[in-house]
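**Q** What follows is a single structure, and I will ask about it in a moment.
Nothing in this text is a laboratory measurement; each read-out follows from the coordinates by a stated rule. Since this is a predicted model, take the numbers as computed values, not measurements. When we count neighbours, we look across all protein chains shown, and the Cβ atoms used for this are built from the backbone with ideal geometry, even at glycine.
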Amino acid sequence: MSLLLGPILHFRGIHDGLYQVSALVVVDKGDPKPQPVVSHCRVDALTRIAAIPFVKPTQDVWRADLSVEQQPGSARHCSCSMAGGKASFHVPPAGISPRVAYASCNGFSADKYRKKVKERQSERWFDMAARHRIKGEEFNLLMMGGDQVYTDDLMVVPGEMKDWADQWHSKQVATRWNRKFEKQVDEYFAQLYVQRWSQSGPREMLQAIPYIAMWDDHDIIDGWGSYPQELHQCDVYQNLFRLASRYYRLFQQQLGEGEVHPAAVPGQSPKARGMSLAYSGLGEFALLVPDLRSERQPDLTVDGVFSPTRIMSEYTWDAVYTWMDKLDTTRHRHLIVFSSLPVAYLDLNAAEVALNALPGQWELEDDLRDHWRSKPHRDERQRLIKRLLNFSARGARVTIVSGDVHVAAAAVIESSLPQHGNGAGAIFQLVSTGIVHTPPPAVAVYFMEKFGAGEETVEYGVRARMLPIGFKGHYLVPERNWLSLEPDSKSRIWANWHVEGHEHLLTQVIDPVVLPSVVQPVSIPTPA
């Protein structure tokens, strides 16, 4: 049997009292059905979920569904051998919060960035692997925050897509999708995932820690969802998105055609286009993984009302907020919200003004269009912040974890409104990126920090500000990095940035919300 990728592990959630993980392998088409051999877990199903590329398949994709019964007081180490490859993972004890590793930007948007690191491309992955090997400190979940693959060279390599990209805008919009487009893009995505995820570094971690993945623009095409309406809706872009989402579902959510993820946000309307996930019951953790790309829509009219842009549809927001409203905050002390783009971050508009005074191109344009703080997204961002603050007031700390911007950073959103009292009115924003992609040039970082890091008034009583977590009091850490979220026995999260070239960690401690205790009436015994 010819194993091309895997087994790679994906976390499906805790359902029916069982900790559920799937293992995916890619083999040559026509190879015998792989037979998984497991220890300390059981195989619930084995399914061939796809044959790829879809136009002319040469490879089969198989998924084994595994489940484990968590044990009180003791972790479990499970293994799965399949198609000649082996994977293993650590399951936390029942009721204990998982140790989480977070990474984003696993690739390069251009060759010039790849050349800067040469043979050190996977250095941060190897660092994560070394940490994971420390006995008793193994990670239970790997959260991938976007740009797990980079599709940028699709528009550069010779073929139909490059020819299309080289045309004038009017011709791009008018071009119809055809079989040549379909064949090139289909084969491109199939090769991209298998090659990128089988490289040393990411491969070892995907076989050692079950992952949860949200996608970002480079998993589709740079800046997806922030282009003018006529380009966004044109035949070529919409079909490119169709194939990108099909491969995202296949590799990043390990789903076959028509399948619904077991951790999909419940109650989503059939009109919702996104692939958002929500996990509860992870000790004191609940995780929200919204899809912030599928439903992006520029220059949109919704129910007769014009909106300049949209990140996520009202149908999906309603389902997310309903799930949050039902979450037991006495059991879940922390809600970790993963947002591919930081919700609280620099004022990139101010930074761009400063950078534009210098010669050269600083590549902030798509960031300005994409980011939560851009003008068209402010209302949607404001509603999100208010709902998260209101949720926190129920007694659960909210922490937002993001990537995308190629630096490490931290910020805090603070409310002084009375309904957010008792320490609930603080949401931490943690930024970690990239695990492979290189940071911006030093001069760009200097101007971004100097002109973009001022305090922001979100609305009356709510402000956001950057935190000086960097070396020598800087706000931005312009080295490659990954983040670990490590719970302790006091319900705190130790957020540790693992920064390339630095022996010591950068740390932010996140305390749980402590609400006033209810005074119980004292029972005085009656004298005998």
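**Q** Within region 261-516, count lysine pairs with alpha carbon atoms under 24 angstrom apart where the residues are 8 or more positions apart or belong to different chains.
**A** Values: Lys271/Lys326; Lys326/Lys386; Lys375/Lys386; Lys375/Lys450; Lys450/Lys472.
Step by step, the pairs that qualify in region 261-516 add up to 5.
**Q** Then there is this: Per the Kirkwood definition applied to all pairs of different Cα atoms, how many angstroms is the hydrodynamic radius of region 99-156? Write down the numbers at each step before the final one.
**A** Numbers: mean 1/r = 0.0765 Å⁻¹.
Evaluated on region 99-156, it is 13.1 Å.
**Q** Can you give the convex hull volume of the alpha carbon atoms of region 8-135 per residue, in Å³? Before the final figure, lay out the partial values.
**A** Values: hull volume 19.8 nm³, N = 128.
Per-residue hull volume (Cα only) is 154 Å³.
**Q** Go through Gly452, Gly136, His420 and say which Cα lies farthest out towards the positive end of the charge dipole of the chain; charges sit on Cβ, +1 for Lys and Arg, -1 for Asp and Glu.
**A** Value computed over the given set: Gly136.
**Q** What longest region of the chain stays clear of GluC sites (Glu not before Pro) that DSSP places outside H, G, I, E and B and that have at most 15 other Cβ atoms within 10 Å? Write out the running numbers ahead of the final one.
**A** On the way: sites that count: Glu69, Glu137, Glu257, Glu259, Glu363, Glu455, Glu503.
That would be 138-256.
**Q** Cα centroid distance between region 203-256 and region 456-480, in Å?
**A** 29 Å
**Q** Give the lysines reachable from Lys183 as a straight Cα distance under 16 Å; neighbours fewer than 8 places away on the same chain don't count.
**A** Answer for Lys183, where 16 Å is the Cα cut-off: Lys56, Lys162, listed by chain and number.
**Q** Evaluate the charge dipole of the chain about its Cα centre and quote only its size in Debye, nearest 20, assuming +1 on the Cβ of each Lys and Arg and -1 on the Cβ of each Asp and Glu. If you can, show how the numbers build up before the last one.
**A** On the way: 56 positive and 61 negative charges, 164 e Å.
Here the chain has a charge dipole of around 780 debye.
**Q** Further, regarding this structure: For the chain, what does the helix formula give at 222 nm: sum of -39500 (n - 2.57) over DSSP H segments with n ≥ 4, over the residue count, nearest 500 deg cm²/dmol?
**A** After summing the helix terms and dividing by residue count, I get -6500 deg cm²/dmol.
**Q** For the chain, count all C-alpha to C-alpha pairs, find those more than 40 Å apart, and express that count as a whole percent of the total. The partial results should precede the final answer.
**A** Working: 28946 of 139128 pairs.
For the chain, the share of Cα pairs beyond 40 Å comes to 21 percent.
**Q** Would you list, by chain and number, the aspartates and glutamates whose Cα falls below 12 Å from the Cα of Lys33, excluding same-chain residues fewer than 8 positions away?
**A** Once the sequence-local aspartates and glutamates are set aside, what remains near Lys33 is Asp60.
**Q** So what's the convex hull volume per residue for the Cα atoms of region 261-516, in Å³?
**A** Each residue corresponds to 142 Å³ of Cα convex hull volume.
**Q** By counting other Cβ atoms within 10 Å of each Cβ, how are Phe139, Phe451, Phe251, Phe428 ranked from fewest to most? Could you put the intermediate results ahead of the total?
**A** Working: Phe139 24, Phe451 18, Phe251 28, Phe428 21.
Taking fewest neighbouring Cβ atoms as first place, the list is Phe451, Phe428, Phe139, Phe251.
**Q** If you don't mind, there's one more thing I want to ask. Just going by the charge dipole of the chain, with Lys and Arg at +1 and Asp and Glu at -1 on Cβ, which of Ile96, Thr507, Ala244 is farthest out on the positive end?
**A** Sorting the options by dipole projection puts first Ile96.
**Q** Expressed as a rounded percentage, what relative contact order does region 49-110 have, with Cα pairs under 8 Å and six or more residues apart? If you can, show how the numbers build up before the last one.
**A** Details: 56 pairs, mean separation 13.3, N = 62.
It comes to 21 percent, rounded to a whole number.
**Q** Using a cut-off of 17 Å between alpha-carbon atoms, which aspartates and glutamates can reach Lys112, once sequence neighbours fewer than 8 places away in the same chain are excluded?
**A** Candidates past the 8-residue exclusion: Asp152, Asp153, Asp222, Glu363, Glu479.
**Q** Still on this structure, please answer the following. Taking every pair of Cα atoms in region 421-469, average 1/r, invert it to obtain the Kirkwood radius, and report Rg/Rh to two decimals. Numbers along the way, then the final one.
**A** Working: Rg = 14.3 Å, Rh = 13.5 Å.
Ratio value, two decimals: 1.07.
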